[in-house]
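The values are calculated or read from the model by the stated rules, or taken from the named source; none is laboratory data. Because the structure is a prediction, the values reported are computed rather than measured. Neighbour counts run over all protein chains shown; Cβ positions are idealised from the backbone, glycine included.
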Amino acid sequence: MPRTPSSPLLLAGLLAGAAVAHTVAPKRFDVTVPRSLPGSPRQWTYASGVVELALAAGVAHPRTRRVAAMATAAFFVGVFPANVKMAVDARTQSPAIRAVTLARLPLQVPLVLWARQVGRGATTG
């Protein structure tokens, strides 16, 4: 039996859902933007939402899937500092919030691997 690749449409849905969340509840994401980045946190929040939406569209379409999936893997690596900042900022929060923010850190690895697998499983043409 052939190995079934991870669902590209599920990955696209995850990205699209994240893009919508960045638009609907931007304050939640603004606080995760590292202070060292230029501009306002809201600009970065909206920009990351736009990027997620573009990646979702690219992953969903078979002709762009390979490139978009690899770009998605790079994006997941690129937003990792925001997850670290979230965990650091949660030091003064409840133990439950600290646990959730710390648990998110290693979850970035399977997301990167999933995107890479979707890209490798994509057919060209």
Show the residue pairs that are 6+ apart or on different chains and have beta-carbon atoms under 9 Å apart, the first residue being within region 44-68 and touching a residue at least 60 places away in the same chain (Cβ under 8 Å), the second being buried (at least 16 other Cβ atoms within 10 Å of the Cβ) and not hydrophobic (A, V, I, L, M, F, W, C).
62/8
From 57, 82, 71, grab the single residue that is within 15 Å of the chain's Cα centre (by Cα), buried (at least 17 other Cβ atoms within 10 Å of the Cβ) and either at pLDDT 95 or above or among the basic types (Lys, Arg) (or both).
71
Any idea which of 118, 109, 88 is of a type outside the set (S, T, N, Q), surrounded by 13 or more Cβ atoms within 10 Å (Cβ to Cβ) and in a helix (DSSP H, G or I)?
118
Counting only residues that are of a type in the set (A, V, I, L, M, F, W, C) and either under 13 Å from the mean Cα position of the chain (by Cα) or closer than 17 Å to residue 14 by Cα (or both), region 93-125 contains a total of 9
Which of the residues belonging to region 28-58 are part of a helix (DSSP H, G or I) and within 15 Å of residue 83 (Cα to Cα)?
28, 29, 30, 41, 44, 45, 48
Of the conditions (1) over 16 Å from the mean Cα position of the chain (by Cα); (2) more than 13 Å from residue 8 (Cα to Cα), residue 64 fails just one. Which one is it?
(2)
